[in-house]
Number of protein chains: 2
Amino acid sequence: MELVYLTMIGHSDAVKSILKSGFLEMRSRQGRRVRDGFASGETPDRPNVAASSLACVGEAGGPSSASGLDAMTAAKLWENPCWLTYRLNYLALRYNVPLYNWVERTYGLSRPEYVVIYSLGLKDGALARDIASSSGFPQNTLSRAIQKLVGLGMIERTADDADRRCNVLRLTKEGRALFEQSLPRFVDFEQMMLEALDEDERKTLSALMAKLVVASTGWPGRIDPEENSQEKSER
Amino acid sequence: MELVYLTMIGHSDAVKSILKSGFLEMRSRQGRRVRDGFASGETPDRPNVAASSLACVGEAGGPSSASGLDAMTAAKLWENPCWLTYRLNYLALRYNVPLYNWVERTYGLSRPEYVVIYSLGLKDGALARDIASSSGFPQNTLSRAIQKLVGLGMIERTADDADRRCNVLRLTKEGRALFEQSLPRFVDFEQMMLEALDEDERKTLSALMAKLVVASTGWPGRIDPEENSQEKSER
DNA sequence: ATTGTATATTTCCAAATGGAACTTGTTTAT
DNA sequence: ATAAACAAGTTCCATTTGGAAATATACAAT
């Protein structure tokens with residue numbers, strides 16, 4: 001997935017963690033070789049597409065060459081009719097991989113497990129369903145994660161009297177401590193990512209992404225099997 | 001994943017597509033209930049963080065309420081100190097899930113398999129390593145995908161005489177046909193996503209994301225095990 | 001030349017994944 | 001009020017995943 005598995009997508013991520021650990025090895029300190037990991041949401045490419053998308057390709061420091069990116073990654077970033085979605089996935093992965101890898105090493109929690117923790121850190125007393133819909137993980141994966149976290153004493157699960165099907169989830173003191181201890185890593189990393197932009201640019205970016213998110217409620221969650229009657233090898 | 005899994009989360013993906021299929025069921029036609037899938041790259045949250053990130057929360061139509069998003073997704077989108085990365089993963093997943101699900105149904109190809117196809121569609125004659133580094137999928141996963149695609153006659157793999165370790169990958173005629181037939185779906189979906197923005201906004205968004213991508217070569221691919229000497233339960 | 005290190009790819013295998021079926025509980029419709 | 005439909009959560013199980021070791025080749029250094 002991830003992902004976001006990037007794919008998210010995810011699905012990345014993903015992407016899924018989709019997209020787990022060691023494939024992104026930028027030894028920034030030893031300063032030697034850099035390998036860029038990436039995952040989940042690939043986007044197809046071809047340098048001949050509607051002007052509106054191509055208008056953007058290659059600009060903005062789109063490093064015509066030498067920039068620490070290998071040729072294929074550079075092509076996907078700068079010569080891609082789907083520039084938006086590849087960049088979304090690329091940036092998501094550059095964030096997801098190091099952080100969830102750190103969570104795994106530091107706390108021994110998998111991605112779905114940590115997602116439960118921070119979802120409750122944000123909104124305590126939610127249901128597994130809420131975490132599923134906001135995270136994209138399937139319910140059975142979350143069910144297992146929740147069982148493990150209950151066993152670890154990080155969360156508690158109590159049946160809702162109003163609707164006995166529902167289990168209300170809450171962080172325990174230990175769970176909240178983990179959340180509050182780990183959160184700064186995530187915030188700091190994002191702030192580091194944003195250092196490339198000034199304050200106005202950050203606000204602009206936030207506003208533009210918010211516009212897309214708001215519009216996303218109108219996007220289909222599924223694409224029709226084969227809506228144009230081209231020859232299809234299926235069926 | 002998924003996610004990017006959001007993706008994956010992932011799921012994406014989410015998201016690894018991370019983050020595969022049926023959890024995103026927006027019946028936009030039958031017009032009834034909407035469930036938003038998301039995965040892979042979760043980001044922790046807390047409504048008290050450096051001003052620079054909070055400056056953006058809640059603005060831009062950040063739907064103070066009723067907008068088709070459930071409460072937890074809304075909280076993650078609009079009250080999240082890591083607004084950037086959650087939105088990245090969220091948007092990546094809203095793209096990855098329907099499209100890779102469509103690829104699966106239409107061509108019977110998994111995400112890594114399709115990623116090989118379109119990577120070569122973009123840059124033919126590449127190595128498995130190039131696809132790995134630009135996609136984030138581990139090499140063994142791609143190795144299996146490549147084997148299957150060779151068996152299907154979609155790609156051909158020839159040893160490089162200059163360096164016998166390397167296998168140069170190329171699309172066959174069938175592989176290229178699949179690429180060219182499927183590409184418009186990806187392009188069209190991205191264009192639909194961009195309909196929320198006018199031409200200037202698209203260029204601005206592209207430029208801002210490009211800035212982040214360029215800066216990303218300086219981001220660490222791994223976070224130090226425990227750099228602050230807080231009490232740690234590890235070891 | 002020869003040993004040691006690095007790289008491209010594949011294989012192995014334990015673990016995670018997720019679709020589908022199942023259980024339990026709630027709502028809707030007749 | 002009774003049946004059908006729906007929803008939350010769990011369990012089953014075949015498949016996929018990805019870390020690690022293995023293989024084969026290339027390059028570097030003594």
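Every number in this text was worked out from the coordinates using simple rules, so none of it is lab data. Note that the structure is predicted; figures quoted are calculated from it, not measured. Because the Cβ atoms are built from the backbone with ideal geometry, glycine has one as well, and the counts that use them run over all protein chains shown.
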Item checked: Number of partner chain Cβ atoms within 10 Å, mean per residue of A:102-109 -> 3
Notebook entry, point to check: Rule-of-thumb check for the range A:72-167: C-alpha Rg over 2.2 N^0.38 Å?
Noted result: 1.38
Check: How far is A:D124 from itself in the other copies, in nm, if each label sits 7 Å out from Cα along the Cα-Cβ line, shortest first?
Finding: 6.0
Margin query: List, shortest first and in nm to one decimal, how far the label point of B:G68 (7 Å from Cα along Cα→Cβ) is from its counterparts in the other copies.
Written below: 3.8
Check: Residue separation times 0.36 nm, minus the C-alpha to C-alpha distance between B:D188 and B:T217: what's the value?
Finding: 7.5 nm
Next item on the list: Let me know the charge dipole size of the range B:109-215 about its Cα centre in debye, to the nearest 20, where only the beta-carbon of Lys, Arg (+1) and Asp, Glu (-1) is charged.
Entry: 600
Checklist line | Residue mean of other protein chain beta carbons inside 10 Å, A:174-183 | finding: 2
Next item on the list: Among A:T158, A:L194, A:G136, pick out the residue whose Cα is farthest towards the positive end of the charge dipole of the range A:109-213, where Lys and Arg carry +1 and Asp and Glu carry -1 on C-beta, about the Cα centre.
Entry: A:T158
Next item on the list: State, to one decimal in nm and shortest first, how far the label point of B:R170 sits from each corresponding label point in the other identical copies (label point: 7 angstrom along Cα-to-Cβ).
Entry: 6.6
Checklist line | Two-site FRET efficiency, A:S67 against A:S143, from Cβ-Cβ distance with R₀ of 35 Å, rounded to 0.05 | finding: 0.20
Note to self: Could you tell me the calculated FRET efficiency between B:R105 and A:D198, based on Cβ-Cβ distance and R0 = 35 angstrom, to the nearest 0.05?
What the structure shows: 0.20
Checklist line | Stokes-Einstein diffusion coefficient of the range B:109-215, Kirkwood radius over Cα pairs, 4 °C, 1.567 mPa s, in µm²/s | finding: 84
Margin query: For the pairs A:K211/B:K203; A:K123/A:K173; A:K76/A:K211; A:K148/B:K76, flag any whose C-alpha to C-alpha distance is greater than 18 Å.
Written below: A:K76/A:K211; A:K148/B:K76
